[in-house]
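Single-structure report; data block below.
The values are calculated or read from the model by the stated rules, or taken from the named source; none is laboratory data. The model shown is predicted, which means the values in this text are computed figures rather than measured ones. Cβ coordinates were reconstructed from backbone atoms using ideal geometry, including for glycine residues, and neighbour counts include every protein chain displayed. Ligands, DNA and RNA are excluded from the accessible area calculation, which covers all protein heavy atoms including side chains. Shrake-Rupley method; radii C 1.70, N 1.55, O 1.52, S 1.80 Å.
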Amino acid sequence: MTLLRVDAASAMPWGVPVLQDISLALDAGEITALIGPNGAGKSSLLRLIAGDFALSQGSINFDGQPLADWSRAQLATRLAFLPQLSLLNFPYTVEEVVLLGRTPHATGARVDREIALQALAATDTVTLRDRLYTQLSGGERQRVQLARVFAQIWEQHSHGGQLLLLDEPTAALDLAHQQQVAAAIAAIAGRGCAVLLVVHDVNLAAAVARRLVVLDHGRQVTTGSPAEVLTPTLFRELFHAEVLVQEHPHGGRPLVIGL
Amino acid sequence: MITSVSKRRQRAGRLIRLLAALLPIVVLVGLGSGAVSLGPIQVLQALWGDGENQAIMIVQQIRLPRVLLAAIMGATLAMSGAAMQGLFRNPLADPSLIGVTAGASLGASLIIVMGGGLLQGFTGLTLISIGAFAGGMLAVLVVYRLANSGNGTSVATMLLAGIAITALAGAVGSLLEFFADNEHLRRISLWKMGGLDSASMPRLWLAVTVSGAVLVALPRYAAALNTLLLGESEARYLGIDVDRTKLALIGWVAVGVGTSVALVGTIAFVGLVIPHLIRLTIGPDHRYLLPASALAGAILLVVADTLSRVVLAPTELPVGIITALIGVPFFVSLLRQRHHYGMQT
């Protein structure tokens, strides 16, 4: 089932074209990764889908309806977005931050706290629960914010799938937590949630996502499975980097080694 | 399972109950204190219309409007301050940031200087209040328009616009004072210090109606304010209509603070210190922060007003001086230990 359909979408939020002619479809339960060099428009595409700015051309449909027709409150029960930076500098406890993810839902305090606890567990932040957010390290904060967006779309929606947009969710994480978060994202997708994430680590992208979308200068360069997309030519042309692409010893997905 | 969220909520509930119990006590003390000192039992009797005629007159006619006005204005200022700190995501924000106080001061100064013979007695006072309220609203409107662009309202621009309008109003005010005669000068500076000595039943009813509406309206945005602390975009992703929330918060705060400046002049530090203190004890959850701030603000202003009447009796000190004298040491100690409670600003 196609949950999100972006059709020939362009956007110029500040008068300059930031995204041009982007087309992609996300199915429920599918993980898609956006890759591309800095300034390629990856975060802008997530923000466009999250409704931060308007389309100049094309269309975006969520669950069959144009995105602009969705009310904020309705959309928030089914679409969660984790931006790259967090501005929070008030001394909420970690659990309070995660509970904020339940704001769009009217499920009651007991259910909310149950879900918050599960989201905390999924990001290995249960032990941080009573700490003040402002006193956490960068990686800990990132995991707490991740738990917050998990909590927002934790339960399956009765009318159809949900969409999770993640902007570099693992940027500040150590290796163990990167793997744990990747597993948590896969588990959420397994419950019927479509995931679109920006990652810089192409090997992580190949490990979690079934499909990669490559952006450069606001345009879609190519789309396909990791094996189709991750070629030495792509890295040479797009990132100006020489790499070796091997087959991963486990599972056969491509493994990119920088030279 | 007891987590800190439960603990914080229990503590918040306890604090609100404690403050709610304390408020009637300070009101009673306030009603009893002054040039003629009355005990709590005498005060209660006088409130019911029992006891000496003189006591009944003092309590019902003079002190009751004054003490209740102090309570309502303190509550309004403190709750407005809490809402502004949430909206600006800055624990050091203050309701006067949006220009309302400076605009109101200018409006009042204009009426005092231009009013001439109209300013005798009660009508004069009302005229000054109307001028202050109009000035405050006008300033907020200008600030809001300056910060409003096609992409919505920028809170950062609004802060800067507020500073600019405050400076402009201050300059024009100084110009007025430069040309004012001694009598006008004294009235302007007394008005600016703030005072509750003009309290009367009609003014109290006005305050109850307008500030009552503000005190009921602001807590309805508690959940929205909680998400706004994450950032405006994040609040939007959580389903909050951010632009409408901003407009509503600024509107209610402008009306609340505008009314308070119009009725009792500028009263420093209540809107800044009280929310800060409450956040320190129960955390930033606005569902508890807003009502607790209102109660604490009411208590502070009633106590400050009582002190202002007692310290140099029979002379009354302007209440703004007392709140600043109580507020500043608190505030400085907060600044010195801010890292102990995870504040990073």
Original post:
If you count the DSSP beta bridges with both ends in the protein assembly as shown, what percent of them are antiparallel, to the nearest 5?
Top reply: 60
Original post:
Around residue A:12, what is the net charge, scoring Lys/Arg as +1 and Asp/Glu as -1 over all other residues with Cβ under 14 Å from its Cβ?
Top reply: 0
**OP:** At a probe radius of 1.4 Å, figure out the A/B buried accessible area, summed over both chains, and give it in Å² to the nearest 100.
**Re:** 3000
Subject >> 1.4 Å probe, heavy atoms, protein only - residues of the stretch A:72-100 losing at least 50 Å² accessible area vs chain alone >> reply: A:72, A:87, A:89, A:90, A:91, A:92, A:96, A:100
**OP:** Against the globular-protein guess of 2.2 N^0.38 Å, express the Cα radius of gyration of the stretch B:9-80 as a ratio, rounded to two decimals.
**Re:** 1.29
Original post:
Measuring from centroid to centroid over Cα atoms, what is the spacing of the stretch A:44-121 and the stretch B:6-82 in Å?
Top reply: 44
**OP:** Over all directions, average the projected area of the Cα convex hull of the stretch A:67-201 and note it in nm².
**Re:** 8.2
**OP:** For every other residue with a beta carbon closer than 14 angstrom to the beta carbon of residue A:241, add +1 if it is Lys or Arg and -1 if Asp or Glu, then tell me the sum.
**Re:** -3
Subject >> Cα gyration tensor of the stretch A:189-241 - equivalent ellipsoid semi-axes, whole Å, descending >> reply: 21, 12, 10
Original post:
Out of B:144, A:49, B:265, whose Cα points farthest toward the positive end of the dipole of the protein assembly as shown (charges: +1 Lys, Arg; -1 Asp, Glu; placed on Cβ)?
Top reply: B:265
**OP:** Compute from the Cα atoms of the stretch A:137-259 the Rg and the Dmax, the latter being the longest Cα-Cα distance, and quote both in angstrom.
**Re:** 15.5, 49
Original post:
Given a 1.4 Å probe and the protein chains all in place, what does the accessible area of residue B:259 round to, in Å² to the nearest 10?
Top reply: 10
Original post:
Gap in Å between the Cα centre of the stretch B:269-317 and the Cα centre of the stretch B:196-210?
Top reply: 19
Subject >> Solvent-accessible area, 1.4 Å probe, carbon plus sulfur percent, for the protein assembly as shown >> reply: 61
Original post:
Quick one: what do you get for chain B if you divide its Cα Rg by 2.2 N^0.38 Å?
Top reply: 1.01
Subject >> Student exercise, the stretch A:87-156 dipole from Lys, Arg, Asp, Glu Cβ charges, in Debye to nearest 20 >> reply: 80
Original post:
Taking only protein heavy atoms and a 1.4 Å probe, what accessible area per residue, in Å², does chain B have with all protein chains in place?
Top reply: 43
Original post:
Which Rg and Dmax, in Å, describe the Cα atoms of the stretch A:87-156?
Top reply: 11.0, 33
Original post:
Quick one: Cα convex hull volume of the protein assembly as shown, Å³ per residue?
Top reply: 175
**OP:** Compute the signed sum of charges (Lys and Arg +1, Asp and Glu -1) over the other residues within less than 12 Å, Cβ to Cβ, of residue A:65.
**Re:** 0
